[in-house]
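Participant: Structure incoming, see below.
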Amino acid sequence: MDTKVLQNTITHLLSGTKGILAMDESTASCNKRFEAVGIEPSLEMRRSYRELIVTAPQLENYISGAILYDETFNQQTKEGIPFIEILKSKGILPGIKVDLGTVKLAGFPGEMVTEGIDGLREKLAIYFQSGARFAKWRGVITINGNLPSSASIYANCHLLARYASLCQEAGLVPIVEPEVLMTGDHNILISEKATRRTLNILFEELYKLRVNLNTIILKPNMVIPGLSSPDQVNDVIIADSTILCLLESVPSSVPGIAFLSGGQSPLQATSRLHMMHKRFKHSMPWKLTFSYSRALQQPALDMWKGNSENVKSSQQELVKRAAMNSHANRATYSP
Ligand code: 13P
């Protein structure tokens, strides 16, 4: 595949201070989020909600790409316009989540591995033909006592590397997401160590499988204490721990890093991104941005409640979060 296609996609996705919207929740995850706020978990409600997102006015000012789930990739507005056509007409590149979620890693209680590598070459070719220009695969690393094991990090990173090389062959930019989960009561040093180990092994595997680092986007967690840790820290410490860990682990040939939000509140995810830009504006070799799902969508979902009268105000909430994170990317955010 001509690397020009991949490079054009990278340039577009990382343009200005825009970020990438993750709206690729699986049917089960989307239903769970709906049920949590009292929305009926049906096919039509999922379609309506995704229509609300892709048609949000001004979204394109702050969002360069949207990651979709297979169901959404093939859906249309009430008037019959495919969602991916709406996105493309606004200059938002359509991307696709291609992993099939996680299952238990045999022999390693409490750890997970991601499925979906079988038949992936054929799937990617179809998505490319249908207009997708980038893809996403998420590997999950768990912190708990002696975990993560080296075996689980290697298994997940090897799959991420195989996925990434297949994507590049197909002309799709791979978003490579090794998520060290924030669940647990561990302190920030433990999070930093697990993130660093994971990234070191990830780049070893990417190198082994000849993945071109110039045309990937890394989607990592921020380095943060466990969500139930008694040792919470301020945004300066989170910004410093995260960027120092990334500077030591991520080669400068990687063009962009786009964070997941991972259970942080929308305000935390924005203010921490802002702090990283404020403190490290001139010392980062890669572009740093956001690729949040929950931290962009949650206020919009809370506002919508499945009620068509709330569509406009819900869209405003979504675009507001996108705008605030775009400000964070310029270090000009204030809550
Ligand atoms: P969150 O921002 O909600 O963590 O989701 C990002 C994502 O794409 C998970 O795979």
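Participant: Cβ neighbours within 10 Å, averaged per peptide: list 137-147, 162-172 in order, most packed at the top.
Facilitator: Going from most to least packed, we get 162-172, 137-147.
Participant: Then there's this: At q = 0.09, 0.10, 0.11 Å⁻¹, what is the base-10 log of I(q)/I(0) for the chain according to the Debye formula with one equal point scatterer per Cα and no solvent? Please give it to two decimals.
Facilitator: The Cα Debye sum returns log10 ratios of -0.43, -0.54, -0.66.
Participant: Given the options Asn325, Asn214, Asn234, state which has the largest fluctuation in a GNM of the chain using a 10 Å cut-off (strictly under) for Cα springs.
Facilitator: Asn234
Participant: Please report how far the C-alpha centroid of the range 197-237 lies from that of the range 132-151, rounded to the nearest whole angstrom.
Facilitator: Computed from Cα coordinates, the inter-centre distance equals 10 Å.
Participant: Based only on Cα atoms, what mean projected area does the convex hull of the range 171-296 have, in nm²?
Facilitator: So the mean shadow area of the Cα hull is 7.3 nm².
Participant: Based on alpha-carbon atoms only, what is the radius of gyration of the range 67-175 relative to the globular estimate 2.2 N^0.38 Å?
Facilitator: Compared with the compact-globule rule of thumb, the range 67-175 sits at 1.24.
Participant: When you count, for each residue, the other Cβ atoms within 10 Å and take the mean per peptide, how do 116-128, 88-100 rank with the highest first?
Facilitator: Ranking the peptides 116-128, 88-100 by packing returns 88-100, 116-128.
Participant: Taking the number of other C-beta atoms within 10 Å as the exposure measure, put Asp2, Asp24 in order starting with the fewest. Working shown, then result.
Facilitator: Numbers: Asp2 8, Asp24 25.
The fewest-first ordering by Cβ neighbours comes to Asp2, Asp24.
Participant: Going by a ≥ b ≥ c, the root eigenvalues of the Cα gyration tensor, does the range 125-178 fall in the rounded group (a/c under 1.5), the prolate group (a/b larger than b/c) or the oblate group?
Facilitator: Prolate is the answer for the range 125-178, as a/c is 1.5 or above and a/b outweighs b/c.
Participant: Based on DSSP, what percent of beta bridges with both residues in the chain are antiparallel, to the nearest 5?
Facilitator: Beta bridges within the chain, antiparallel portion: roughly 15 percent.
Participant: Oh, and also: Putting +1 on Lys and Arg Cβ atoms and -1 on Asp and Glu Cβ atoms, find which of Ile67, Leu87, Ile53 reaches farthest to the positive end of the dipole of the range 45-87.
Facilitator: Ile53
Participant: So what's the back-of-envelope 222 nm ellipticity for the chain, counting only DSSP H runs of four-plus at -39500 (n - 2.57) apiece and dividing by all residues, rounded to 500?
Facilitator: -15000 deg cm²/dmol
Participant: Which values, in whole Å and largest first, are the semi-axes of the equivalent ellipsoid of the range 108-247 obtained as the square root of 5 times each eigenvalue of the Cα gyration tensor?
Facilitator: Taking √(5λ) for each eigenvalue gives 29, 16, 13 Å, largest first.
Since every read-out is calculated from the coordinates, none of them should be taken as a lab result. If you're wondering where the values come from, they're calculated on a predicted model, not measured in any experiment. As a convention, Cβ positions derive from the backbone with ideal geometry for all residues, glycine included, and neighbour counts pool all protein chains shown.
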